[in-house]
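These notes concern the structure reproduced below.
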Amino acid sequence: MSYQEDFNAWEEQIVAVPDNEIKLPNQPVDKFTASAETLAVEAKKDTDVFAASGMNVSLIDELTPLAGALRHLQASWTSEFRAKQEAQKEWLEQSPAAYQLRDELLHHFSFAYRNIDDIKKSVMRIREGGGHADLLQDLVDLADLGEKHPEPLTDIGLSLEPLQKARLTSHAMSVLLSASNGAKDQKNQAKLLRDKAYTLLFNKVSEIREYGRYIFWRDAERREKYLID
């Protein structure tokens, strides 16, 4: 089965892991999944003695597909996290130009509409905002205002091209901001599912290792197979 198919088979049980029982990985997930798959091979050799000691031997067969599901979720979360980090980087690189565009438009608008009270008040309201979300709205508001009242702008020699640029910039930056904010959110669904799958596999691995250490307490060679890596 593919890792995607492994996840499909285990999705219901993974989702059902209570949030308050989640264990966070304390080692690289790829290393943990590899050790779980190795454990499955070793434990398979001891199926009979595990069964005789009262362990549910179906745990052994569950390790490999559950490890596959975890690999799938780890890859999904890593891909999503990297994409969000890249969006955050792009926001940091591009936002100064967006702020500069907003400030330049406010400068020109304040002068062009200085003698038109109602429009002047609109410009003042736009100027009051602060923060990234306000920046995006300010650019749209300035574009709308300038397009509705272009004459005072052209009278002072201002091209109307920056108005369209402001609108396009607002849209592009809103996409980046949304993704960038997501990069800071560690409780996203992909990570939550990854952690739940890890918890489920960790519990099964721990039980098998515990039985193995108990059964082979006088057999150092076999007991070593069930020690924590």
**Request:** Using a Förster distance of 25 angstrom, determine the FRET efficiency expected from the C-beta separation of Thr38 and Asn203, and round it to 0.05.
**Result:** 0.90
**Request:** Take each of the peptides 13-24, 138-149, average the number of other beta-carbon atoms within 10 Å over its residues, and list them starting from the highest.
**Result:** 138-149, 13-24
**Fill in**
If Arg218, Arg127, Arg71 are placed from fewest to most neighbouring beta carbons inside 10 Å, the sequence is Arg218, Arg127, Arg71
**Fill in**
Put in order of increasing Cβ neighbours within 10 Å, starting from the fewest, Ser180, Ser206 give Ser206, Ser180
**Request:** Return, for the Cα atoms of region 87-183, the radius of gyration and Dmax in Å, separated by a comma.
**Result:** 13.8, 45
**Complete:** Hull surface over four for the Cα convex hull of region 41-143, reported in nm², is 11.3 nm²
**Whole-number percent relative contact order across the chain, with pairs defined as alpha carbons under 8 Å at least 6 apart** = 32 percent
**Request:** Measure nothing but the geometry: give the 0 to 90° angle between the long axis through the Cα atoms of 3-15 and the longest principal axis through the Cα atoms of the chain, rounded to 10°.
**Result:** 90 degrees
**Prompt:** At 222 nm, what helix-only mean residue ellipticity would the chain give, in deg cm²/dmol to the nearest 500, using -39500 (n - 2.57) for each DSSP H run of four or more?
**Reply:** -26500 deg cm²/dmol
**Request:** Could you let me know the centre-to-centre spacing of region 136-173 and region 98-127, using Cα atoms, in angstrom?
**Result:** 10 Å
**Request:** Relative to the longest principal axis of the C-alpha atoms of the chain, give the angle of the C-alpha long axis of helix 117-128, reported between 0 and 90° and rounded to the nearest 10°.
**Result:** 30 degrees
**Item:** For Tyr214, Tyr3, order by how many other beta-carbon atoms lie within 10 Å, fewest first
**Value:** Tyr214, Tyr3
**Request:** For region 36-92, report the convex hull volume of the alpha-carbon atoms normalised per residue, in Å³, without decimals.
**Result:** 73 Å³
**Prompt:** Using the alpha-carbon atoms, what tilt in degrees (0 to 90, nearest 10) does helix 29-45 show relative to the longest principal axis of the chain?
**Reply:** 20 degrees
**Complete:** Using alpha-carbon positions, the gyration tensor of the chain gives root eigenvalues a ≥ b ≥ c; with a/c under 1.5 called rounded, otherwise prolate if a/b exceeds b/c, else oblate, the class is prolate
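Quick note: the coordinates plus some simple rules give every number you see, no bench work behind them. Quantities reported herein were computed from a predicted structural model and do not represent experimental measurements. Note that each Cβ is placed from the backbone with ideal geometry, even for glycine, and that neighbours are counted across all protein chains shown.
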